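Here is the structure we will look at.
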Amino acid sequence: MTLPVMESSNIMVHLEQAESHLAEIELLSSMYPGEDELVITDQLAVAELREYVEGATDTYPLSRPHILIKQKLDTDTVKGVNVTISCTYSSDYPNVLPEIAVRCPDLSRSQQAQLHSDMNAYLSETCRGDVCVLSAVEWVKDNVHLYLTDKSTSSSSTAAPGKKESRSTCSSPQPKEQFSRLWIYSHHIYNKRKRKNILEWSKELDLSGFSMPGKPGIICVEGPQSACEDFWARLKVLTWKKIIIRHREDVAVDSRSAEASVADNTDSLRRFTGFEEAMFDPHGNRGNHMNLGQLYQYLNERGCGDVFQLYFGIEGR
């Protein structure tokens, strides 16, 4: 018996949604393996999701997974700040945003409300029907200090601006240029035009690194910070299912001698010679999956093996 077109379409939509839910939860579990990092509050909901995806049941699960991601932030901008990101999946996710709440004891209620508003606006604009929990986590890491800063400046009235002015006029000049290395992650890179853009833009901007097409897609660009930022600005406005900067490295560049120019010092920091599209034993039905073991060896030979774990949450070998 043939299913009606509408019913068949709904089944496919439900299956695609369930697959995306499960894939994201598994990715997050690999990235945050500690019990104090990721908490799945309803294991039964995840088990039902897996049974549906694997075809063990035809019933679309009604229970919704709920997870907690706990982070202690220690960066240049924040020290020892505890943040918990709570996420409840909806049945229509990722076509609609999940319920995401951020809890931080260092933020007031009004500051948390503003953070939620800004985060949801960012996710609505950038995710466009793709999974977004990891993007939410990265956004919070990158931006929570702005709301903490608001807290400190509001309590100190005009004192903080005065100190800021003093630092800007009395401190030594900052280096004119910085060297950057951006590690970019995309859900996939298939489109030939995009692949051509990546190669052309890296050459135009004198960036070294590599791109790995397929699923997932990986791009590394390195060179002057301004050029890397220009590359990212061009790349991110293309239509992507998902694309983020997974990790970045920034190093101040200065000329320590009359003979050594800033350009020479920048080149000495490069791990890659030129820019290339790298393929690693493509396989799968469409040849869109790469051998990750070969990718790890490629990175390790260039002194970047530690980045493999940042991408995939596992040690390479």
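Assorted remarks:
- For the stretch 29-122, the relative contact order is 19 percent, taking Cα pairs closer than 8 Å that sit 6 or more residues apart in sequence and dividing their mean separation by the residue count.
- Amide H contacts of Ser208 (H built 1.01 Å from N, under 5 Å, at least 5 apart or other chain): Glu222
- Label-point gap, in nm, between Lys196 and Leu146 - each point 7 angstrom along Cα→Cβ: 3.6 nm
- For the stretch 63-76, backbone phi angles converted through the Karplus equation (6.51, -1.76, 1.60; θ = phi - 60°) give residue-by-residue couplings of 6, 10, x, 9, 10, 10, 10, 10, 10, 10, 8, 10, 10, 5 Hz, Gly and Pro being listed as x.
- Cα gyration tensor shape for the stretch 1-122, rounded if a/c is under 1.5, else prolate or oblate: prolate
- The heavy atoms of Leu148 offer some 30 square angstrom of accessible surface to a 1.4 angstrom probe.
- In this structure the amide hydrogen of Gly305, modeled in the peptide plane, comes within under 5 Å of the amide hydrogens of Asn300, none closer than 5 places in sequence on its chain.
- Sorting Thr273, Thr41, Thr84 by accessible area puts them as Thr273, Thr41, Thr84; the probe is 1.4 Å, largest comes first, and only protein heavy atoms count.
- Each residue of the stretch 95-101 is assigned a 3J(HN,Hα), and the resulting list reads 5, 10, 5, x, 7, 10, 10 Hz, derived from the Karplus form 6.51 cos²θ - 1.76 cosθ + 1.60 (θ = phi - 60°), x at Gly and Pro.
- Measuring against 25 Å, Cα to Cα, the residue pairs Lys72/Lys241; Lys215/Lys236; Lys196/Lys241; Lys196/Lys242 contain Lys72/Lys241 as the ones spanning a longer distance.
- In sequence order, the stretch 202-209 has phi-based couplings of 5, 5, 4, 8, 6, 9, 9, x Hz under the Karplus curve 6.51 cos²θ - 1.76 cosθ + 1.60, θ = phi - 60°, and Gly or Pro positions carry x.
- Given a 1.4 Å probe and the protein chains as shown, Arg234 ends up with an accessible area of around 60 Å².
- Within-13-Å neighbourhood charge of Asn82 [Cβ basis; K, R +1; D, E -1]: +1
The values are calculated or read from the model by the stated rules, or taken from the named source; none is laboratory data. Since this is a predicted model, take the numbers as computed values, not measurements. Quick reminder, even Gly has a Cβ in these numbers, built from the backbone with ideal geometry, and neighbours come from all protein chains shown. Heavy atoms of the whole protein, side chains included, go into the accessibility calculation; ligands, DNA and RNA do not. Shrake-Rupley method; radii C 1.70, N 1.55, O 1.52, S 1.80 Å.
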